[in-house]
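In what follows, a structure is listed as structure tokens, so that the remarks can point back to it.
The values are calculated or read from the model by the stated rules, or taken from the named source; none is laboratory data. Keep in mind that what you see is a predicted model, and the values were worked out from it rather than measured. As a convention, Cβ positions derive from the backbone with ideal geometry for all residues, glycine included, and neighbour counts pool all protein chains shown.
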Amino acid sequence: MIDTSGHHIVYGELQDYITGQVLPDTDDERVRQRLARLLVEELGYARQELEPRLTIVSEYANRVVTTIDLTVRINGKRLFILRYGPGSLVTREKAAIAAARLLDPAYSIPLAIITNGRDAELLETEHGKVVATGMDCIPSRRQAEDLVQQCLFTPFTDPEKRDQALRILNVFDLNVCCLGISC
């Protein structure tokens, strides 16, 4: 029943809060589901405004699939991405900024949120700066309505900068398990 062959304990299956899709029930997935509930039930987002598990593929020394836990779309524009990872937030900043810059081919998503489920950082992606910290830095739906009017949705088209961002994702999001091999 419990699969311990990988680096995550799988307790069984759970149903995704946003899509209803059946997913492996892990400690990390439980936190992701709590974050989705937080956005809908406490912060006022509609489920349709949340895009779970969008991906970016980078291929250099290794093929890496970067998964964006949640992307929030307000009035047709992707306003922010939310990435979860256990542990230190500062180690996840560069990859979150790179992902927000690359995910939408039309423009750089202006904000990125990184969280470990207990703490969070709100990053503006144009300059890569932390603009707020703490779980309450995750904007409510009402705040997002104002932010979408204030933020710039600038195309991220410079080939060298796009390549640099893809390389950041390729290195930071390579999944290496406790056995020292790619998972």
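Quick look at the numbers
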{"quantity": "Number of the exception - L111 against (1) over 15 Å from the mean Cα position of the chain (by Cα); (2) surrounded by 18 or more Cβ atoms within 10 Å (Cβ to Cβ); (3) not acidic (D, E)", "calculated": "(1)"}
{"quantity": "From P159, P139, residue being surrounded by 21 or more Cβ atoms within 10 Å (Cβ to Cβ) and over 17 Å from V65 (Cβ atoms)", "calculated": "P139"}
{"quantity": "Of residues in region 146-165 being out of contact with any Pro (no Cβ under 9 Å at 6 or more places or on another chain) and among the acidic types (D, E), the one nearest to T115 (Cα to Cα)", "calculated": "D163"}
{"quantity": "Tally of residues being part of a helix (DSSP H, G or I) and aliphatic (A, V, I, L, M) across region 12-60", "calculated": "6"}
{"quantity": "Where a residue in region 120-138 is on the phi > 0 side of the Ramachandran plot and its partner, wherever it lies, is of a type in the set (V, I, T), with Cβ under 8 Å and at least six apart", "calculated": "G128/I97"}
{"quantity": "Identity of the residue in region 94-147, of a type in the set (D, E) and part of a helix (DSSP H, G or I), that ends up nearest to L169 (Cα to Cα)", "calculated": "D136"}
{"quantity": "Check on T157, more than 25 Å from I18 (Cβ to Cβ) and among the β-branched types (V, I, T)", "calculated": "yes"}
{"quantity": "Complete set of residues in region 28-76 that are charged (D, E, K, R), modelled with pLDDT of 95 or more and under 20 Å from A165 (Cβ atoms)", "calculated": "E51, R53, D69"}
{"quantity": "From D173, D104, D163, residue being within 15 Å of the chain's Cα centre (by Cα), within 18 Å of Y60 (Cβ to Cβ) and charged (D, E, K, R)", "calculated": "D173"}
{"quantity": "Matching residues, region 11-54, being in contact with a strand residue (DSSP E or B) (Cβ under 8 Å, 6 or more places away or on another chain) and aliphatic (A, V, I, L, M)", "calculated": "L14, I18, V22, L23, V31, L35, A36, L39, V40, L50, L54"}
{"quantity": "Tally of residues being farther than 18 Å from C137 by Cα, surrounded by 18 or more Cβ atoms within 10 Å (Cβ to Cβ) and hydroxyl-bearing (S, T, Y) across region 49-93", "calculated": "2"}
{"quantity": "Single condition Q149 does not satisfy, out of (1) surrounded by 14 or more Cβ atoms within 10 Å (Cβ to Cβ); (2) under 18 Å from K77 (Cα atoms); (3) out of contact with any helix residue (DSSP H, G or I) (no Cβ under 8 Å at 6 or more places or on another chain)", "calculated": "(1)"}
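So that you can scan it fast, the table gives a plain yes or no per residue for (1) more than 14 Å from the chain's Cα centre (by Cα); (2) among the hydrophobic types (A, V, I, L, M, F, W, C); (3) on the phi < 0 side of the Ramachandran plot:
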position	(1), (2), (3)
E49	yes, no, yes
P52	no, no, yes
I56	no, yes, yes
R63	yes, no, yes
